[in-house]
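Since every read-out is calculated from the coordinates, none of them should be taken as a lab result. Keep in mind that what you see is a predicted model, and the values were worked out from it rather than measured. Every residue, glycine among them, receives a Cβ derived from its backbone with ideal geometry; neighbour counts consider all protein chains shown.
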Amino acid sequence: MKPARAILVAALLIGLLPIAADSQGSRAPADAFLYIIWPPDGTTVRGAFWCRFGLRNMGVSQAGSNAPHTGHHHLLIDVDEPLDPNEPIPQDKKHLHFGAGQTEARIELPPGKHTLQLVLGDAKHYLFNPPLISKKITITVK
């Protein structure tokens with residue numbers, strides 16, 4: 001290999017290393033978009049409510065499915081900390097997993113203000129690259 005070409009290849013490889021290290025997740029189409037259909041931002045609900053998930057330019061599948069350009073929903077409730085792209089999305093009362101491919105869920109929260117945000121996880125529960133994260137909305141439960 002010619003020295004100039006070897007330097008170019010080395011520079012390209014070095015430049016790609018941070019990208020590979022930034023995320024464990026699968027590649028997502030650049031035009032993919034994740035959003036909450038219902039409830040709208042600022043809504044007041046009484047008791048339990050249905051939360052409906054929206055996804056454009058990708059598909060929804062079960063956790064563990066390696067079908068191209070598909071993932072499954074995670075609903076973050078009252079989460080302020082950023083997710084670590086090198087770790088699976090947590091699973092607890094604030095990070096709800098919908099690994100059966102659900103696109104809606106009945107949610108029960110105590111009265112008060114709450115934030116909701118969707119995250120799309122890949123087959124192994126990692127964030128996609130780039131991450132698919134909805135706008136965070138605020139609702140009030142009466």
remark   = Non-local residues with an amide H under 5 Å from the amide H of Leu132, with H modelled 1.01 Å from N and Pro and chain starts lacking one, are Leu120
task = Could you work out how far apart the two model spin labels at Gln62 and Lys94 are, taking each label as a point 7 Å from the Cα in the direction of the beta carbon, and quote it in nm?
result = 3.1
request  = Using +1 at the Cβ of each Lys and Arg and -1 at the Cβ of each Asp and Glu in the stretch 62-142, identify which of Pro131, Gly121, Thr103 lies farthest towards the dipole's positive end.
outcome  = Thr103
task = Would you compute the Debye intensity of the stretch 48-142 from its alpha-carbon atoms alone, equal scatterers and no solvent, and pass along log10 I(q)/I(0) at q = 0.12, 0.24 Å⁻¹ to two decimals?
result = -0.35, -1.34
message = Run the paramagnetic zone check for Arg27: 7 angstrom along Cα to Cβ, then residues of the stretch 53-83 with backbone nitrogen under 12 Å.
response = 69
task = Would you mind computing, in nm to one decimal, how far apart the modelled labels at Arg46 and His69 are, each placed 7 Å from Cα along Cα→Cβ?
result = 4.3
query = Which residues in the stretch 42-73 place their backbone N less than 11 Å from a point set 7 Å from the Cα of Glu104 along the Cα-to-Cβ direction?
reply = 50-53
